[in-house]
Amino acid sequence: MGIAIRPIRTSKATWAESRPILRGMGLILLATGFALLANGIYSGVHKYRRIGQWVPVDALILEFRLVNEPHGRVLSDYRAHITFQYEVGERTLVSSTQSDYTTSSASTMKDLTLIYRPGGHQQIRYNPEQPKEITIDNRDIGSFRKPFWLAAWGAGLTVVGLVFRR
């Protein structure tokens, strides 16, 4: 008694039957990819313009804490919440802000605790129209993680959608 291995025979008819399904999947992936790509580019440009209009200022770090934001039963991420003291004109203001991303990476959390150590100084930006509104974002790659990942996923899905549409 032996095992016979036979090659799988596919016919051109079987492949032709699956083409409309693959093309439909490609169309869905293209639409989703374009939507994510457009959203990433739009949010990145909007954030870049906003950061450019806000005024940079040196601020004293008063408080830093990592807040646990659980999602699901097992996973949890942490978001940085920071309180700063800074001067606008002759006024001394105290405002809080939070990072726009969450992390579960121990090394990233350690880096954040070193960067935002209470008593230290950090450059922040404030809204000239509402000086109590602040951000820790700058014009660096770290401040644009979310728009970058949205655009990258969008580009990837668009490429896969184009391949399926062939």
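The values are calculated or read from the model by the stated rules, or taken from the named source; none is laboratory data. On a predicted model such as this, the values are computed, not experimentally measured, just so you know. A quick note on method: Cβ atoms are made from the backbone with ideal geometry, for glycine too, and the neighbour counts reach across all protein chains shown. Each accessible area value is taken on the protein alone, full model and side chains, heavy atoms only, with ligands, DNA and RNA left out. Shrake-Rupley method; radii C 1.70, N 1.55, O 1.52, S 1.80 Å.
Computed quantities for the displayed model
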{"read-out": "Assigned charges on the beta-carbon of Lys, Arg, Asp, Glu; the chain dipole about Cα centre (debye)", "value": "1220 debye"}
{"read-out": "Neighbourhood net charge (10 Å Cβ-Cβ; Lys/Arg +1, Asp/Glu -1) for residue 48", "value": "+3"}
{"read-out": "Proximal lysine pairs, the range 1-157, alpha carbons under 27 Å, eight or more residues apart or interchain", "value": "5"}
{"read-out": "0 to 90° range, to nearest 10: angle between helix 12-53 axis and the chain longest Cα axis", "value": "10 degrees"}
{"read-out": "Counted charge near residue 66, where neighbours are those whose Cβ lies closer than 15 Å (Asp, Glu -1; Lys, Arg +1)", "value": "-1"}
{"read-out": "Residue 104 long-range amide H proximity, modeled H, under 5 Å", "value": "78"}
{"read-out": "Built amide H within the under 5 Å cut-off of residue 133, gap 5+", "value": "127"}
{"read-out": "Space enclosed by the convex hull of the alpha-carbon atoms of the range 21-166, per residue, Å³", "value": "131 Å³"}
{"read-out": "Portion, in percent, of the accessible area of the chain that falls on carbon or sulfur, probe 1.4 Å", "value": "60 percent"}
{"read-out": "Calculated from backbone phi, Karplus (6.51, -1.76, 1.60) coupling profile of the range 93-105 in Hz, x at Gly/Pro", "value": "10, 10, 9, 10, 8, 9, 5, 8, 10, 10, 8, 10, 6"}
{"read-out": "Quotient of C-alpha Rg and 2.2 N^0.38 Å, computed over the range 43-84", "value": "1.68"}
{"read-out": "The chain, relative contact order [Cα under 8 Å, separation at least 6], %", "value": "35 percent"}
{"read-out": "Candidates 145, 23, 91: whichever shows maximal mean-square fluctuation once the chain is modelled as a Gaussian network with Cα springs under 10 Å", "value": "91"}
{"read-out": "Dipole in debye (nearest 20) - the range 107-147, about Cα centre, beta carbon charges: Lys, Arg +1; Asp, Glu -1", "value": "140 debye"}
